[in-house]
Structure formats: structure tokens, C-alpha cells
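Input: a single structure, listed below in C-alpha cells.
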Amino acid sequence: MLSFRAHVSPVDGMDDFDEEAVLARIHLVEGDILMLSGSLVDGSGTPSSDFDFSVIAQSKDERFHRDTFPRESHMRYYTSGDRVKASFDYLPHSLLGVDVEYWTVQEISDMLDAHARLYAQLRGRARKSSGFASSAVDFRLLSRLTYGVPLTNAAGFEKLAGEVRPGEVAYTAFRTAVGSYPDFRDLAGMWAQGDHESALIAARKLGVDTFRGLTHAYGNTNRNPKYLARFLARLPQRLSGPVARFRHLNAYGVTDPAEAADTVLEWLDLVDLAFAEIRRVRDGADAFVGREEFLGLLKGELHRTMSWNAEISNEYCFRAREAEADLPSLRELLTAMTARRPAAHRLPLQEWAAGRTAPAGENNKST
């Protein structure tokens, strides 16, 4: 009998389970790669975690079609058109779920090619990128391929997983988290209006995004924020102070509305600490854009025909902190933006823009 129990991380209080009952819900055929992944493998599982399986077939067969999929064996199954993508069921008398996704080797190879193109694109931009190529890349599956365990056809799995570049997956995840000046600008506008409740919500989002980015700088490939506290717990001990405070604010917030304004400022301090650590570790992450290269990307966005004003100055004061240490704190930047003036910094923005003209159609000043 195929056994996977040894690959499941011990979870206190987890009910005993029948491996045959689990495997009966998967519908394997000869040549399939069966991968076990998810929280029960990466060590973040709970007694009610699902078993997360991926069946990677050599080619499409009857399991991939709505009319021939054995749907009566499952509580739910999920389709895209006539294509069955996944199934789900619970074990009898247990909270344990059996979650199965169905892929082919070619689909995953195509996805890896799409991700390679995406990574190349994101290496050439300095802005947060949250809405890109999502239809071509399943980031959850890519993450699982970096740590998943093959239960069948190990040779086929190793060949496929060998094409995954975890550092590049971590960097694309990082670029979806860090660098959104519009988020900070919204926060500043709420603060200036005295709407500290909304500013606190915005500060929390900025903090979650930045601390998630920090875990990606340390190699985490999982973008799901619901597990963020678990990934943060794996960071070096010297970060335990700010991590503990982040986790408390993120999970429990504040009890008294009168504390909202002070808590916004505390969030900004935590974000600054996270950026300082990102600067410290990113040059050692081979797949990441280094600090000097990142500043080069920022320079490349500037041109002498831009409408130079406090907004441009403050935007680059915010975004450059990903790579540049000698900048005003976010508290100071917030104060400057509230007063509608530029924060004092030493970024040579006009020097960076010297000799550069706007691409056609930009800024209404080019032909």
C-alpha cells in the first residue's frame, strides 16, 4: 500500500486517519506524479488541516473532464469549463479534508515558462505589481513545488521540480507585496483629514505587505497572508522584538479608539524596521534585484520633462527606502505630506533625470 504518513509533520491533537480512505479519493493511474504538500508538510499544520495533494498526469484523461470525472465520490469538485481542476471531500467521522488538484506535466511546464517571463519582467521594474499574468501562473502550486513530497513517480517529480527556481518565485512574491506608494499616499490623506480609524486600517495593510515582503526576502515562496505569523516566527531571533509587536498589532489591534493615532505611528515605525532588514538581506538573495540595481530602476523612471513637485519628491522618498538607508523616517514623511511640502532627503532626483525625456504619450509634454 502507498504510504504517506511518514511525510506528515506531527501535529498535536491530530486525529488518527486511514491512509487507504484518503488515497481512495485521489484516483491515481500508472505514471502519475502524486505530490503531498500544504501545511501538514511545511510544518504549519493544525489538527483540522487538509491533506493537500496534486496529481500530475502525463497527459489529460477521463479525470480531467466533467462528464467522466467520478464526481459522486466527492463532496465538491471544481471546474473551469469542462476541465476538472480539483476535488474535495472530508474523511468520515473526521474534520480532515482531502483536497486534490489535477494537472498535467505539460501544463506545469508551460506555467514555469510563463513564470520565467514574468520574473524577467519584474526584475525590470521598481513598482509593486499586484495584477499581472495571474491567469498563466498558479503561484500556490509553484510554492508547493518548492517543498512538496513526491509519493509516486519520484523521478518524474524531481525532473519537474528541478525546473522550479525558488528564489525567483520568492522574488515575484516580494514584488507583489512591497513598493506601493499609492497605499501610503492614501494613508497620509486619511491622517491629514483626522480620520485615524481609516488611517489605522491603511497602516495595517502597509505593515502586512511589508512584513510579508520581508519573509520573501528570506526565501518564503508562499504569498498567503493567513500564514504570515508562522513564516515570521521562522525569522532570525534578533528580529523577535519587532516581529512580536507586529503579530500582536496585526491580530489584536487596539482596544481603545483613542489609541488609533499613536498606533498608526507605531505601524510606520515597524514598517521602517522591516525595510531596514529587507535592505540588509536582499543583496545576499541571488534572485533578488540588489540595492544598487533597484536604485538604477528608480532612476530609469525619472525624466526631465516630469512635472517636478512635492508629490514626485515624496513618492521617491517613500519608494527608495527599499534600497536606500539615508532617508527620512515614514513618520517624518507623513508629517511633510500632511503639511503639503516635500520631505527633506538627499536623493538626487534632478540629477537622475538629467538628459532623459519622457516616452511618447507620457506627461503630456512629449511628441
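For the stretch 211-230, name all the residues that are touching a residue at least 60 places away in the same chain (Cβ under 8 Å) and closer than 17 Å to L270 by Cα.
Hits for the stretch 211-230 are F211, G213, L214, A217.
Can you name every residue in the stretch 137-172 that is open to solvent by 10 Å² or more (accessible area, probe 1.4 Å) and of a type in the set (S, T, N, Q)?
T146, T152, N153
Got a number for residues in the stretch 265-311 being assigned to a helix (DSSP H, G or I) and among the small types (G, A, S)?
So the count comes out to 5.
State which residue is farthest from the chain's Cα centre (by Cα) when the search covers only the stretch 23-42 and only residues that are more than 21 Å from E107 (Cβ to Cβ) and either open to solvent by less than 10 Å² (accessible area, probe 1.4 Å) or free of Cβ contacts under 8 Å to residues at least 60 places away in the same chain (or both).
Here the residue is A24.
Among all residue pairs at least 6 apart or on different chains, which show Cβ distances below 6 Å where the first residue, located in the stretch 330-359, is more than 15 Å from E311 (Cβ to Cβ) and the second is open to solvent by 50 Å² or more (accessible area, probe 1.4 Å) and not in a loop (DSSP other than H, G, I, E, B)?
Final answer for the pair search is W352/K299.
Could you count how many residues in the stretch 310-324 are surrounded by fewer than 21 Cβ atoms within 10 Å (Cβ to Cβ) and polar (S, T, N, Q)?
Residues in the stretch 310-324 being surrounded by fewer than 21 Cβ atoms within 10 Å (Cβ to Cβ) and polar (S, T, N, Q): 1 in total.
When you scan the stretch 69-78, do you find a residue that is part of a loop (DSSP other than H, G, I, E, B) and touching a helix residue (DSSP H, G or I) at 6+ places or on another chain (Cβ under 9 Å), even just one?
Yes, the stretch 69-78 contains at least one residue that is part of a loop (DSSP other than H, G, I, E, B) and touching a helix residue (DSSP H, G or I) at 6+ places or on another chain (Cβ under 9 Å).
Those residues that are in contact (Cβ under 8 Å) with a residue 40 or more places away in the chain and either surrounded by 20 or more Cβ atoms within 10 Å (Cβ to Cβ) or closer than 24 Å to L122 by Cα (or both), I need them from the stretch 184-208; list them, please.
Scanning the stretch 184-208 gives F184, R185, L187, A188, W191, A199, L200, A203, L206, G207, V208.
Of the residues that make up the stretch 35-46, is at least one under 24 Å from T221 (Cα atoms) and in contact with a His (Cβ under 6 Å, 6 or more places away or on another chain)?
Yes, the conditions are met somewhere in the stretch 35-46.
When only residues in the stretch 244-262 that are touching a residue at least 24 places away in the same chain (Cβ under 8 Å) and part of a helix (DSSP H, G or I) count, which is most open to solvent (accessible area, probe 1.4 Å)?
The selected residue is P257.
Need pairs with beta-carbon distance below 6 Å; first residue within 20 Å of L23 (Cβ to Cβ) and within the stretch 59-78, second open to solvent by 90 Å² or more (accessible area, probe 1.4 Å) and at pLDDT below 85; sequence gap 6+ or separate chains.
Filtered contacts from the stretch 59-78: Y77/R71.
Of (1) assigned to a loop (DSSP other than H, G, I, E, B); (2) over 22 Å from the mean Cα position of the chain (by Cα), N314 satisfies all except one. Which?
The single condition N314 does not satisfy is (1).
For every residue, the table says whether it meets (1) open to solvent by less than 50 Å² (accessible area, probe 1.4 Å); (2) over 25 Å from A244 (Cα atoms); (3) not aromatic (F, W, Y).
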| site | (1), (2), (3) |
| --- | --- |
| R280 | no, no, yes |
| L295 | yes, yes, yes |
| W308 | no, yes, no |
| D326 | no, yes, yes |
| P342 | no, yes, yes |
| E351 | no, yes, yes |
| P359 | no, yes, yes |
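Show the residue pairs meeting these rules: Cβ distance below 7 Å; 6+ apart or different chains; first residue within the stretch 277-295 and in contact (Cβ under 8 Å) with a residue 12 or more places away in the chain and within 14 Å of R123 (Cα to Cα); second residue open to solvent by 80 Å² or more (accessible area, probe 1.4 Å) and assigned to a helix (DSSP H, G or I).
Correct list of pairs: R282/R291.
In the stretch 258-278, how many are in contact with a helix residue (DSSP H, G or I) (Cβ under 8 Å, 6 or more places away or on another chain), under 14 Å from A199 (Cα atoms) and aliphatic (A, V, I, L, M)?
5
One line per residue, one yes/no per condition, for (1) closer than 14 Å to L28 by Cβ; (2) aliphatic (A, V, I, L, M); (3) assigned to a helix (DSSP H, G or I); (4) open to solvent by less than 20 Å² (accessible area, probe 1.4 Å):
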| position | (1), (2), (3), (4) |
| --- | --- |
| V55 | yes, yes, no, yes |
| K85 | no, no, no, no |
| V100 | yes, yes, no, yes |
| D110 | no, no, yes, no |
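Among the numbered criteria (1) out of contact with any Asp or Glu (no Cβ under 8 Å at 6 or more places or on another chain); (2) under 30 Å from F184 (Cβ atoms); (3) buried (at least 19 other Cβ atoms within 10 Å of the Cβ); (4) not acidic (D, E), which single criterion is violated by H115?
Only one criterion is unmet by H115, namely (1).
The values are calculated or read from the model by the stated rules, or taken from the named source; none is laboratory data. All values reported here derive from a predicted model rather than from experimental measurement. Methodologically, a virtual Cβ is constructed for each residue, glycine included, from the backbone with ideal geometry; neighbour enumeration extends over all protein chains shown. Keep in mind that these areas ignore ligands, DNA and RNA; they rest on the heavy atoms of the full protein, side chains included. Shrake-Rupley method; radii C 1.70, N 1.55, O 1.52, S 1.80 Å.
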